[in-house]
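Data block below; observations after.
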Amino acid sequence: MKRLTLTQLKNICLSIRESIELNKSKTNLFKDFPQGCCRDASLIVGIILKKMGAIELVYCRRDFDVHYKSHAWLEYNSFIIDITADQFDTTIPNVIVSRTPIMPFHQKQHEEPLTLSIAGMDTIDLLKDMEIIEAALSPKYSS
């Protein structure tokens with residue numbers, strides 16, 4: 001299967017981020033985006049990327065400790081993919097697609113295959129929100 005390039009990943013993630021920002025008032029889980037939305041945003045990005053052929057996605061997270069708040073992001077083909085890192089530091093890009101950790105909290109403590117079960121009790125709301133977000137995506141990125 002063909003792997004997505006850095007440029008493709010960045011463009012897709014920028015489009016998803018823009019769609020969430022434009023539609024967050026219509027959603028259940030993204031009203032305060034990007035604050036507190038890293039799990040759900042990572043799941044939506046991952047599901048969309050999987051539909052585009054990126055099957056080797058890994059869901060990563062770091063738990064709260066004395067230095068950092070908990071956080072979640074994706075990894076794909078050695079790329080860190082994070083569309084919510086700016087919730088902690090507004091001076092960094094709002095979409096990160098990089099082979100090198102930009103922020104110290106990208107040192108993962110846990111990783112698991114990307115599945116909807118990660119959303120737990122929020123799965124139904126996540127799927128509803130994803131419909132809204134996907135509908136607003138550029139046609140070249142929607143399923």
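The values are calculated or read from the model by the stated rules, or taken from the named source; none is laboratory data. Keep in mind the model is a prediction, meaning the values are calculated, not measured. Here the Cβ is made from the backbone with ideal geometry for all residues, glycine too, and neighbour counts use every protein chain on show.
Only residues that are aliphatic (A, V, I, L, M) and within 12 Å of the chain's Cα centre (by Cα): list them for the range 26-55, please.
Within the range 26-55, ALA41, LEU43, ILE44, VAL45, ILE47, ILE48, LEU49 meet the criteria.
Mind checking which pairs have a first residue in the range 125-143 that is closer than 13 Å to LEU14 by Cβ and loosely packed, with under 15 Cβ neighbours inside 10 Å and a second that is among the acidic types (Asp, Glu) and at pLDDT below 95, Cβ under 6 Å, 6 or more apart or different chains?
none
May I ask you to list the residues in the range 37-63 that are free of Cβ contacts under 8 Å to residues at least 60 places away in the same chain and more than 14 Å from LEU126 (Cα to Cα)?
Selection gives LEU49, GLY53, ALA54, ILE55, GLU56, LEU57, VAL58, TYR59, CYS60, ARG61, ARG62, ASP63.
Mind listing just one residue for me: the one in the range 20-50 that is in contact with an Asp or Glu (Cβ under 9 Å, 6 or more places away or on another chain) and surrounded by fewer than 15 Cβ atoms within 10 Å (Cβ to Cβ) and, of those, nearest to PHE105 (Cα to Cα)?
ASN28
Looking at the structure I just gave you, is VAL58 under 15 Å from the mean Cα position of the chain (by Cα), at negative phi and surrounded by fewer than 21 Cβ atoms within 10 Å (Cβ to Cβ)?
Yes: the conditions hold for VAL58.
Just give me the residues in the range 4-36 being farther than 13 Å from ILE96 by Cα and aliphatic (A, V, I, L, M), in sequence order.
Those that are farther than 13 Å from ILE96 by Cα and aliphatic (A, V, I, L, M): LEU4, ILE20, LEU22, LEU29.
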